[in-house]
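Single-structure report; data block below.
Since every read-out is calculated from the coordinates, none of them should be taken as a lab result. This one's a predicted model, so the numbers in the text were calculated from it and none came from an experiment. No Cβ is skipped: glycine too gets one built from the backbone with ideal geometry, and neighbour counts run over all protein chains shown.
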Protein chains: 2
Amino acid sequence: MDAVFHALAHGTRRDMLGRLAGGELTVGELAAPLTMSLAAASKHVQVLERAGLVRRTVDGRRHVCRLDPAPLASATAWLRFYEGHWTESLDNLEALLRAPEQENR
Amino acid sequence: MDAVFHALAHGTRRDMLGRLAGGELTVGELAAPLTMSLAAASKHVQVLERAGLVRRTVDGRRHVCRLDPAPLASATAWLRFYEGHWTESLDNLEALLRAPEQENR
DNA sequence: ACTAAACTCAACCATGTGGTTGAGGATCCC
DNA sequence: GGGATCCTCAACCACATGGTTGAGTTTAGT
């Protein structure tokens, strides 16, 4: 799960995932719009692969990547949990403000 | 937004956020259960602060930290967007499997 | 006034990360 | 077969990250 958040922490990788949401792409196609070498882009793909967010099938000399957003589910679950706690603590704050003892600030 | 994902990428920081969801804690209290020095924990708090996830109020010599999950919202929005694309591509897959041309695998 | 406590800051170190280049392995095309 | 294409691998480099220790500051307690 660290791997998922780590993969998402880099803008280049989020960009790749975004374009993969539109359909399968080869490593070269993923690298094309980027301002870095193919080898660098290849490393980013590997990071996404290790995080389980991208699956690769080798088709001849082309490596075709497709999105596998399943690992995103655990990340969203984590986030939703703490957003839940957040609204809860908002309720607590509100309750506190309504309480008889007036300790505003 | 990179900052938010980067902050979440470290298990120690997620742990801190989790405990902060239960209420305000000082830097020392955040550091106590960890196997690192206070200075190291202090740095983690600073990372969370830069990401906007934690707000600090100095109360005497104690630095009280409280959770501010607002930046989590943009992260969840990003994730939900791609989860949407995911279910869409699942539909595409299903449609493909139902299609006349049988190219399973 | 002294000491202890709660932190931050700065310097330092080891390791990880993101990029480059150069070489090489398959694969397609002529 | 020969050359161009697509991609990985390994070595290297600069810089960020995560940890340490030691010193310093501010506050609390006696």
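Taking the criterion of being more than 8 Å from chain B (Cβ to nearest Cβ) and among the small types (Gly, Ala, Ser), the residues of the range A:1-21 that qualify are A:3, A:7. Does residue B:64 meet the test of being touching a strand residue (DSSP E or B) at 6+ places or on another chain (Cβ under 7 Å) and surrounded by fewer than 16 Cβ atoms within 10 Å (Cβ to Cβ)? So residue B:64 passes the test.
Entry remark, the range B:1-42: residues being charged (D, E, K, R), surrounded by fewer than 14 Cβ atoms within 10 Å (Cβ to Cβ) and near DNA strand C (Cβ under 8 Å from one of its atoms) number 0 in total.
Picking from residues in the range B:43-60 that are in contact with a Lys or Arg (Cβ under 9 Å, 6 or more places away or on another chain) and over 22 Å from residue A:78 (Cα atoms), the one that is farthest from DNA strand C (Cβ to nearest atom) is B:57. Number of residues in the range A:35-63 that are more than 12 Å from DNA strand D (Cβ to nearest atom) and among the hydrophobic types (A, V, I, L, M, F, W, C): the value is 2. Could you check, for the range B:61-80, whether at least one of its residues is within 12 Å of DNA strand C (Cβ to nearest atom) and under 28 Å from residue A:71 (Cβ atoms)? No, every residue in the range B:61-80 fails to be within 12 Å of DNA strand C (Cβ to nearest atom) and under 28 Å from residue A:71 (Cβ atoms).
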